[in-house]
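Notes follow the structure.
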Amino acid sequence: MEKTLLDGDSTSRQRFVELDALRGLAAMAVVLYHYSTQYGDEIGHASRLPFGFPEGNYGVYLFFMISGFVILMSLERSHSAMDFVVSRVSRLFPAYWSAVALTAAVVWACGMPWQLLPAHDLLLNFTMVQQILGGRHLDGSYWTLQVELFFYVQMLLWFMAGQLARIHWVIAAWLLLAVSYSLAVRYHMHFSYTAREVLLLRHIAFFGLGILFHRMHGHPGEKVRNVCMIGLCLGTIAFVGPPVLLLVAVFGCIVFWLALAGDLQWLRARPLVLLGGLSYSLYLLHQAVGFALIRLLEQHGLPAGVAVTVVVSAMLVLAFALHRGVEQPAMRILRAAWKHHRELHVAAPGRATAL
């Protein structure tokens, strides 16, 4: 399986379907957090919501761990840097651009005033790195997409430098930088905002955990080294972040351990695997559009619980449409075009020789 929040390819799916399903569950946890807790705190439901799910906010850290695992796997199987770039771009941007356009239309039609963006910021959202460029997110969930994208770029650079075999040293350097950043903040010293964001210093230890679980799975002889490095990642998370993030990281490690040991077979249930396939589209669409629709339904007299249920169902339908109508076709078309170009490029010298 090659699926993360931002990556929906499928290779060796039969072996890692559990991680795909976990990605879907993490996405749904974030959706429920936004619709219950965050909506209630920032906007306020018109009536009492019968449930809340503040813990769902931490689902993004499971995304980061899954990304660490599968992006290293993907790079190890890539023949060239362009193979990886085309694979990621074909998967990320067509669906993202479509979601930005749809979200902008819904927000303009029935959104709340503070959801509207000036044209400059709206255009910046098409880059996926609008935050570092000084723009506002059209959808609050987009902040994690920039984080994931920068991780992809970092890993690609290490791949091009031939350093993936030395990934433990790379992780050690990441952890050292994360601790340095934390100390700078603690002692009120200057630390570059751009460096912090590009190097992912607030989140890199979670990506490192995913990488190390992949190494543990694929390189059994490194078990002691990987376990020690996992301990360093957990120690770094404990040092640089609030205590709750250490609990989240430990929970994620337990889940990964059980999944890779084959002890989470129930995650192979078809509905959970389908949810995993929809998770990127669901994540792209759910927050700004969902908030606008919840408010609209509640204004028309629907109880909060009913409004949230209707909107969750609507988001799943929209996610399915985006997944089938944009994600999968764009991926097939762009990758087929790249494959054709690559085959022509490889075949051309042979034809010239024959002539």
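General remarks:
- Residue list for the stretch 203-245, restricted to those being in contact (Cβ under 8 Å) with a residue 12 or more places away in the chain, more than 20 Å from L72 (Cα to Cα) and outside any helix (DSSP H, G or I): G241
- Any hit, the stretch 107-130, residues being within 14 Å of the chain's Cα centre (by Cα) and either farther than 21 Å from A27 by Cα or not aliphatic (A, V, I, L, M) (or both): no
- Boolean, H203 is more than 24 Å from the chain's Cα centre (by Cα) and over 21 Å from E222 (Cβ atoms): no
- Pair list, Cβ under 8 Å, 6 or more apart: the stretch 151-166 residue outside any helix (DSSP H, G or I), other residue surrounded by 12 or more Cβ atoms within 10 Å (Cβ to Cβ): Q163/V170
- Matching residues in the stretch 78-115 - criterion: being among the aromatic types (F, W, Y), open to solvent by 20 Å² or more (accessible area, probe 1.4 Å) and closer than 30 Å to L156 by Cα: F93, W97
- Test for F213: is it over 17 Å from the mean Cα position of the chain (by Cα), of a type in the set (F, W, Y) and either modelled with pLDDT under 95 or open to solvent by less than 10 Å² (accessible area, probe 1.4 Å) (or both): yes
- Within the stretch 41-56, the set of residues being open to solvent by 30 Å² or more (accessible area, probe 1.4 Å) and not in a loop (DSSP other than H, G, I, E, B) comprises D41, E42, P54, E55.
- Filter result (open to solvent by 20 Å² or more (accessible area, probe 1.4 Å) and either in contact with a Phe, Trp or Tyr (Cβ under 8 Å, 6 or more places away or on another chain) or farther than 13 Å from H286 by Cβ (or both)) within the stretch 18-28: L25
- Taking the stretch 259-288 as the range and being closer than 19 Å to Y61 by Cβ and over 21 Å from the mean Cα position of the chain (by Cα) as the test, only L264 passes.
- Residues that are in contact (Cβ under 8 Å) with a residue 60 or more places away in the chain and not in a loop (DSSP other than H, G, I, E, B), drawn from the stretch 113-141: Q115, G140, S141
- If you go through the stretch 235-250 and keep only what is among the hydrophobic types (A, V, I, L, M, F, W, C) and either surrounded by 15 or more Cβ atoms within 10 Å (Cβ to Cβ) or within 13 Å of G210 (Cα to Cα) (or both), you end up with I237, A238, F239, V240, L245, L246, V248, A249, V250.
- Taking the stretch 116-149 as the range and being in contact with a Ser or Thr (Cβ under 9 Å, 6 or more places away or on another chain) and open to solvent by 20 Å² or more (accessible area, probe 1.4 Å) as the test, the residues that pass are I132, L133.
The values are calculated or read from the model by the stated rules, or taken from the named source; none is laboratory data. This is a predicted model, so every value here is computed, not measured. FYI the Cβ positions are ideal-geometry reconstructions off the backbone, even for glycines, and counts take in every protein chain you see. Heads up: the accessible areas ignore ligands, DNA and RNA and are worked out on the full protein's heavy atoms, side chains in. Shrake-Rupley method; radii C 1.70, N 1.55, O 1.52, S 1.80 Å.
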